[in-house]
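Working notes, beginning with the structure itself.
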Amino acid sequence: MGSILVVAEIQKGKVREASYELVSFARKVGEATGREVKSLVLGQGVSGLAEELSKKGGGEVFAADDAALANYNAGGHFAAVKAAIDAAAPDLILLSNTPSGWDVAPRVAATLDAAFVSDCFDIEVDGGELVFLRRFFNGKLDARLRPAGLPIVATMQPGATAAFSAASEGKVTPLSITVGEGGTKFIEVKAASAKGVDLTKAEIIISGGRSLGGPEKFEEVIKPLADALGGAMGASRPVVDAGWLPHAHQVGSSGQVVSPKLYVACGISGAIQHLVGMKSSNFIIAINKDPDAPIFEVANLGVVGDLFEVVPKLTEAVKTAKG
Ligand SMILES: Cc1cc2nc3c(=O)[nH]c(=O)nc-3n(C[C@H](O)[C@H](O)[C@H](O)COP(=O)(O)OP(=O)(O)OC[C@H]3O[C@@H](n4cnc5c(N)ncnc54)[C@H](O)[C@@H]3O)c2cc1C
């Protein structure tokens with residue numbers, strides 16, 4: 001049996017949270033099937049990050065530390081992943097469903113003649129076989145995909161599971177790579193102009209919907225509760241379409257997929273495109289004046305009422321409880 005190779009991503013000098021989520025998936029499959037979990041960290045000056053991953057994620061961590069990997073380029077990334085595959089002999093390779101994952105994963109799958117499953121939100125082990133779960137038709141259906149053979153390359157949705165965080169024993173193995181002349185050349189990184197919110201990392205999200213009526217209501221009603229709980233503000237799509245909040249705040253099939261410890265949906269109906277983005281949250285509170293709103297079907301706690309009355313009271317109660 002092969003191992004499992006996790007391809008970690010570095011962002012702003014850190015191992016991305018999504019990479020620790022891959023470790024969670026890998027360890028789950030590893031424990032159920034007896035596969036060893038190995039990881040790859042690639043970039044320039046990343047040996048320290050490989051150490052960090054080995055202590056937080058465990059297993060053997062390959063460190064491809066090379067000037068050719070200083071900036072993202074598909075050729076260099078692919079060369080590092082291929083070198084790690086040669087060293088780790090995996091039959092399951094996990095990448096995040098991110099722009100670099102989209103770029104590299106199909107290339108890896110084609111090279112290995114492997115099965116490729118993208119954008120998955122879970123992996124199950126059924127009778128020793130791997131089953132990948134992903135959503136279809138804008139989240140209306142969950143599909144269970146059972147690749148016909150091994151190896152398998154899969155990309156996993158960021159935010160679909162909790163990041164692995166237990167202290168572990170691991171070791172780092174330097175990996176040398178040869179990067180040939182690629183067809184692409186790095187020019188520059190242009191950061192998106194979103195105002196710094198990364199909902200996939202937030203442990204508490206307070207979201208508002210169209211019913212808020214305007215951006216000022218987010219400031220007056222939603223933000224105080226988010227601040228009191230130390231959480232971030234989320235939104236349904238109409239809010240973003242209306243320009244009340246930037247797209248980085250949108251939760252759903254065309255926004256962020258999140259799984260915080262607490263998700264509070266205020267005046268959100270619970271359309272399927274919103275639900276796919278938040279239904280795997282640990283605890284969901286829904287506040288809606290319509291008792292038949294679909295959001296209540298996924299809520300752990302439902303409050304039928306006017307959000308403009310309920311949310312400020314909740315904010316006061318949180319402040320009082322916190323002293
Ligand atoms: C291709 C596609 C992709 C999409 N992607 C997304 C996505 O990523 N994210 C997303 O959210 N949507 C997405 N949508 C849109 C989605 O279908 C819904 O239209 C949207 O989620 C509805 O947003 P809402 O719940 O804020 O508004 P509404 O559906 O209008 O619901 C408002 C809710 O507020 C309640 N309400 C009104 N006043 C109050 C009050 N005072 N107090 C309490 N409750 C009140 C109402 O009872 C109602 O349930 C997508 C749609 C398509 C077609």
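With the range 1-69 as the region, which strands (runs of 3 or more DSSP E) entirely inside it contain at least 3 residues that are more than 22 Å from residue 132 (Cα to Cα)?
37-43, 59-65
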### Query
In this structure, is residue 190 without any contact (Cβ under 8 Å) to a residue 24 or more places away in the chain, in the same structural domain as residue 235 (by TED's automatic domain parsing) and farther than 16 Å from residue 120 by Cα?
no
### Query
Consider residue 200 against the criteria (1) within 18 Å of residue 252 (Cα to Cα); (2) assigned to a loop (DSSP other than H, G, I, E, B): it satisfies all of them except one. Which criterion is unmet?
(2)
### Query
Could you list, in sequence order, the residues of the range 204-217 that are in contact with a strand residue (DSSP E or B) (Cβ under 7 Å, 6 or more places away or on another chain) and surrounded by fewer than 22 Cβ atoms within 10 Å (Cβ to Cβ)?
204
### Task
Please name all residue pairs, on different chains or six or more residues apart, with Cβ atoms under 6 Å, provided the first residue is in the range 233-258 and is farther than 18 Å from residue 284 by Cβ and the second residue is part of a strand (DSSP E or B) and more than 6 Å from the ligand (Cβ to nearest atom).
245/235
### Summary
When the range 231-286 is checked residue by residue, the ones that are farther than 22 Å from residue 137 by Cα, in a loop (DSSP other than H, G, I, E, B) and in contact with a Pro (Cβ under 9 Å, 6 or more places away or on another chain) are 231, 242, 243, 244, 245, 282
### Task
Take the residues in the range 264-276 that are more than 6 Å from the ligand (Cβ to nearest atom) and at pLDDT 95 or above, then tell me which one is nearest to residue 221 (Cα to Cα).
266
### Query
Which pairs have Cβ atoms under 7 Å, sit 6 or more apart or on different chains, and link a residue in the range 309-323 that is surrounded by 12 or more Cβ atoms within 10 Å (Cβ to Cβ) to one that is of a type in the set (Gly, Ala, Ser)?
315/228; 318/228; 319/228
### Query
When the residues of the range 119-148 are filtered to those that are outside any strand (DSSP E or B) and modelled with pLDDT of 95 or more, which remaining residue is surrounded by the most Cβ atoms within 10 Å (Cβ to Cβ)?
147
## Note on the structure
Residues in the range 219-232 that are touching a Leu at 6+ places or on another chain (Cβ under 9 Å) and under 15 Å from residue 287 (Cα atoms) total 3
### Summary
Checked 43, 76 against criteria (surrounded by 23 or more Cβ atoms within 10 Å (Cβ to Cβ) and more than 23 Å from the chain's Cα centre (by Cα)); the one match is 76
### Scan of the range 232-255 for residues that are near the ligand (Cβ under 9 Å from one of its atoms) and hydrophobic (A, V, I, L, M, F, W, C), ordered by number
235, 239, 240, 251
### Summary
Pairing a residue in the range 157-180 that is polar (S, T, N, Q) with any residue that is crowded, with 20+ Cβ neighbours inside 10 Å and assigned to a loop (DSSP other than H, G, I, E, B), where Cβ atoms lie under 6 Å and the two sit 6 or more apart in sequence or on different chains, gives 157/97; 157/257; 168/58
### Query
Of the residues 313, 261, 279, which single one is more than 9 Å from the ligand (Cβ to nearest atom), on the phi < 0 side of the Ramachandran plot, touching a helix residue (DSSP H, G or I) at 6+ places or on another chain (Cβ under 6 Å) and not assigned by TED's automatic domain parsing to the domain that holds residue 156?
279
### Query
On the given criteria, is residue 224 under 20 Å from the mean Cα position of the chain (by Cα) and either crowded, with 20+ Cβ neighbours inside 10 Å or not in a loop (DSSP other than H, G, I, E, B) (or both)?
no
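The values are calculated or read from the model by the stated rules, or taken from the named source; none is laboratory data. Small disclaimer: the values here were computed from a predicted structure and weren't measured. All Cβ positions, glycine included, derive from the backbone under ideal geometry; neighbour counts span all protein chains shown.
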